[in-house]
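Asks: Starting off with a structure, shown below.
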Amino acid sequence: DSSFFFSRCEFEYGFNDLGQFVNGGFIYDLFDDCNTVGIGEMLGPRTGAMDINNVGQVVGWSHNPSGARDPFIYSEGVLRNLGYTSRSRGKIYATAINEYGTVVGWSDVYQNEEYSRMPVMWVPEDK
């Protein structure tokens, strides 16, 4: 029964062709009885994984010590901060990753005395 299978695994965010998906700070494997791998915490108390590609790279956000959210990439067991733009204020999210490791997301920016969202893209250094 697939509805039982999905409810037991708590499917919520990014899903790849290998049957892996992400939810919170974990990677789940549908074909291995929902076995999980913990991503960990980058700098603060919460981590939110948003997407996973077919290489197994995960992107999302993690709280930093000041309480703001920083974007991360998790690859080969290492959690790394993707950095931010000079205009970012408070929240910056990595929301999707493709097979080449290019990451997209958004950032809160403050301009003209208002907050708005700005699209952001990170391209791997070797591309």
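Asks: Considering only protein heavy atoms, what is the solvent-accessible area of T36 at a probe of 1.4 Å, reported in Å² to the nearest 10?
Replies: 60 Å²
Asks: Still on this structure, please answer the following. Between N64 and L18, what's the calculated FRET efficiency when r is the beta-carbon distance and R0 is 22 Å? Round to 0.05.
Replies: That pair, N64 with L18, gives E of 0.10.
Asks: Please work out how much length the chain gains when fully extended from Y115 to E99, using 0.36 nm per residue of separation minus the C-alpha to C-alpha distance, in nm with one decimal.
Replies: Answer, rounded to one decimal: 2.6 nm.
Asks: What list of ³J(HN,Hα) values in whole Hz, one per residue of the stretch 53-64 in order, does the Karplus curve 6.51 cos²θ - 1.76 cosθ + 1.60 (θ = phi - 60°) give from phi, with Gly and Pro shown as x?
Replies: 9, 6, 7, x, 6, 10, 10, x, 9, 9, 5, 9
The values are calculated or read from the model by the stated rules, or taken from the named source; none is laboratory data. For clarity, every value in this text was computed on a predicted model and none was experimentally measured. Cβ sites come from the backbone with ideal geometry, for glycine too, and all protein chains shown count toward neighbours. Just so you know, the surface numbers come from the protein's heavy atoms only, side chains and all, with ligands and any DNA or RNA stripped out. Shrake-Rupley method; radii C 1.70, N 1.55, O 1.52, S 1.80 Å.
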